[in-house]
Amino acid sequence: MLRQTPPGSSGTTMLRILSRYPFLTLFSGLLVGILLASAVSGFWLPALLALIALAGLMIPAVMKRRKPYFAIRFTPTQPFFIFLLAASMGVFTALVHRTDKDLELEGYPYVAGTVVSASQGVQYSKMLVRIDTFTDEAGNIVAQPKNAIVELTTERFYAPDTRLIFRQNLRSLDPDGDVVRERFAPYLRSRGVAYTQWVPQHLITVAEAPHGLRYQAYSVRQKLIRQLESSSLSSTSASMLAAMALGHKDLLDEEDTEAFRYSGLSHLLALSGMHVGIVAWVLSWLLFPLMFFLRPRWRWLAVIALIWLYVWLTGWYVSALRACIMSTLLLGALVVQRRNTSVNAILAAAFIIVLFDPLQITTAGFQLSFAAALLLVLSIGINPIDHHSHPRIFKIFSLVAATLIVTAGTMALSAYYFHNITPASFVPNLLAGCLLPFYLGGGIIYILLLSVGLDVSFLAMMINKGTEAIVRLAHVTASSPSLITDVRLHAAVPVMFLCGMVCLILWLRSRRKLPAILSAGSFVVAIAGVFLLPVPEGLRALRASGTAKKDLITMYDNDAAKTDTLQSGSCGLYDTPAGSVGWCSADMKLLDASHPLYAKLQEADYLVLGRGAEIDMQNIAMRAHRPTVVLLPSLRDAERDTLTTRCTRFGLPYHDIAADGPFLLQYPLR
């Protein structure tokens, strides 16, 4: 006799949930497979993959048996075998994307690689370069690493898909006592980076000009950005639209960027699901005339195709890709006239993204994007106001509740990654959420008109007004006394806080005891973790860098960074806990001995020398404690050769930024 599960039992409820959200089973199995692949190595890894895949293959075997008795018995175990199949896919994708990190680099003098992505900074360009081959002096291929990516820093910008050859001086991400490397290593690893290297521009050879799809998207994007810069928009509006609509943040003002960060509005500058949703909304209205000639499904198919084109154009941002997959599933359900749910679309997007790039689960963008989307979707069902009786109040309450839940739910996660909390950010986020659809929608239409040669001055004026309002809102919020900086949290705190928020929403929807108990317990554990769990320390350091035309010194104090431009023909001094740092771009012999800086520069622990610097090396070398000489990039070739020769002759240690990369002096916290 068959055992039947009671209708109201937990097993029946779980089967109902898994049948309604199949991607929950798939995504969970995928994560378990990836974790197993990272924990198991050697012979056991392919054996584990084969075992899980064999167990999962029982599904098609069982499906062939059409006997009712066997089908009824097997139905409760179907999610289990689907879970096993997803776990095997997780193990497989982890194996495919595993990086060669422990390479023997001694016999590999040259690296040939392809630029994957690039960004232009104030001082240098940073590029992610996929290492294709290692070559010897004669150009022969000696090794082909697997999934090895290097973060390359140099003075010149190289477009994506450019093939470069440079001399190998790779540095692994092991900190070796370097606090800065230890701090940024997890971020680089989440992007697949295994090595870093600084290469002077003259040591890089372009082996092949860019021509791939990434370069085509980059070229179109740069053309649109140039049109924005030459349009009737202000420089601030052009940079804001380039960031919000095209994903290009290099034009943003540093002060404005910091204001958005400290005000809790930095998500407005990053391509996210909200931005893609606004683009889809604009496209659906622009394609509305198709309804008079074709069936509605063709309109939605056109919107899906244009959204994918937009995400390709902006560089495949994870948050934009997540929204694109969700939109495809939801609009695709309208095309095929089938029912779909937003939660299932979120889980499907997460499954697809992690399947093709497992490292995404470790990135802040992935976690914040999916956490915000999940909280937003779950908050839809807690509105107690009747939609038919009070439609306007219903919409206002839904907007306020969604903003409050998403802001509160992602606050701990944002504090973990960005180390600041802005309790007053709720109202600015609410105002920005109301303004952004009109601002970005108008910006998208303005960019489309610019692409066909039309510069509408009235629309440009309205966009400038909107930019002023958003920037002023960010600066006012960032200067509020409620801002809490230098927040350090353990990784478990945002996880438990997010679990507590999800359980709280489920309790508001169902009013059952279990979600309430789980929510309260999660919040208690999160609060206890703030005070009891160990957290990493902050960062204090001095960094000297620059270009041939500009010398820069940046002071890091935890998460704050202040950059000073060194003026030609002058001198100065920085006092740090690691020693005094004197800099000079003039002839020190011309300084009066009674000048306050004269004695301090003579006794400095580090001497940073720029163009026009003259110094008595012999006198300094006679000191009991010899200083380290740092040569800035602005030095002429003759000056650099003279100074390096004198440092070598008198036994003074020196660091040439043009050859060795930026100089970093780190020192302990207060």
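The values are calculated or read from the model by the stated rules, or taken from the named source; none is laboratory data. As the structure is a computational prediction, the values presented were derived from the model and not from experiment. Every residue, glycine among them, receives a Cβ derived from its backbone with ideal geometry; neighbour counts consider all protein chains shown. Side chains included, ligands, DNA and RNA excluded: accessible areas come from the protein's heavy atoms. Shrake-Rupley method; radii C 1.70, N 1.55, O 1.52, S 1.80 Å.
Numbers for the structure displayed
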read-out: Rounded accessible area per residue of the stretch 212-277, 1.4 Å, Å²; value: 41 Å²
read-out: Apportionment of accessible area to carbon and sulfur, the stretch 452-549, percent (1.4 Å); value: 71 percent
read-out: Of all accessible heavy-atom area on the stretch 161-286, the percent that carbon and sulfur account for (1.4 Å); value: 53 percent
read-out: Potential extension, CYS434-LEU252 segment - 0.36 nm per residue separation minus Cα distance; value: 63.3 nm
read-out: LYS223-TRP316 pseudo-label distance in nm [points 7 Å out on the Cα-to-Cβ vector]; value: 2.2 nm
read-out: Potential extension, SER482-VAL400 segment - 0.36 nm per residue separation minus Cα distance; value: 27.4 nm
read-out: R0 of 35 Å, Cβ-Cβ distance ASN619-ARG156: FRET efficiency to nearest 0.05; value: 0.35
read-out: Net charge of neighbours whose Cβ lies under 14 Å from the Cβ of LEU652, counting Lys and Arg as +1 and Asp and Glu as -1; value: +1
read-out: Cut-off under 5 Å, modelled amide H: who pairs with HIS655 long-range; value: VAL629, VAL630, LEU631
read-out: Cα centroid of the stretch 254-326 to Cα centroid of the stretch 350-378, whole Å; value: 17 Å
read-out: Rough spin-label spacing in nm, given labels placed 7 Å along Cα→Cβ, for ALA302 and THR341; value: 3.3 nm
read-out: Förster-model FRET efficiency, 51 Å R0, ALA528 and LYS465, C-beta, rounded to 0.05; value: 0.60
read-out: More than 17 Å apart - percent of Cα-Cα pairs taken over the stretch 461-522; value: 64 percent
